[in-house]
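The values are calculated or read from the model by the stated rules, or taken from the named source; none is laboratory data. Everything quoted here is computed from the prediction, not taken from an experiment. All Cβ positions, even for glycine, are placed from backbone atoms using ideal geometry, and neighbour counts span all protein chains on display.
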Amino acid sequence: MIGLEVGGLGGLFAIIALIMVVPAILLFIIGAGISKSNKKRGKIFYILAVVYLVISFGSCGLMMA
């Protein structure tokens, strides 16, 4: 746990940043895989990824500020 040392909050900011970005990337990858077979479901996953990014940058961004 090198990133979560007692004196610094760098690891905490890294974890919050990962929570902000990684699920949206996974939703985007799933949407790209599904869009080959079913375009409507792929678009839904793309929309979910964008909505997740907007909400996470809003709420997690407020925690980081």
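Determine which single condition Leu4 fails, assuming it passes every other condition in (1) modelled with pLDDT under 75; (2) surrounded by 11 or more Cβ atoms within 10 Å (Cβ to Cβ); (3) in a helix (DSSP H, G or I).
Going through (1) modelled with pLDDT under 75; (2) surrounded by 11 or more Cβ atoms within 10 Å (Cβ to Cβ); (3) in a helix (DSSP H, G or I) one by one, Leu4 breaks only (3).
So which residues in segment 14-58 are in contact with a helix residue (DSSP H, G or I) (Cβ under 7 Å, 6 or more places away or on another chain) and among the charged types (D, E, K, R)?
Within segment 14-58, Arg41 is the sole residue that qualifies.
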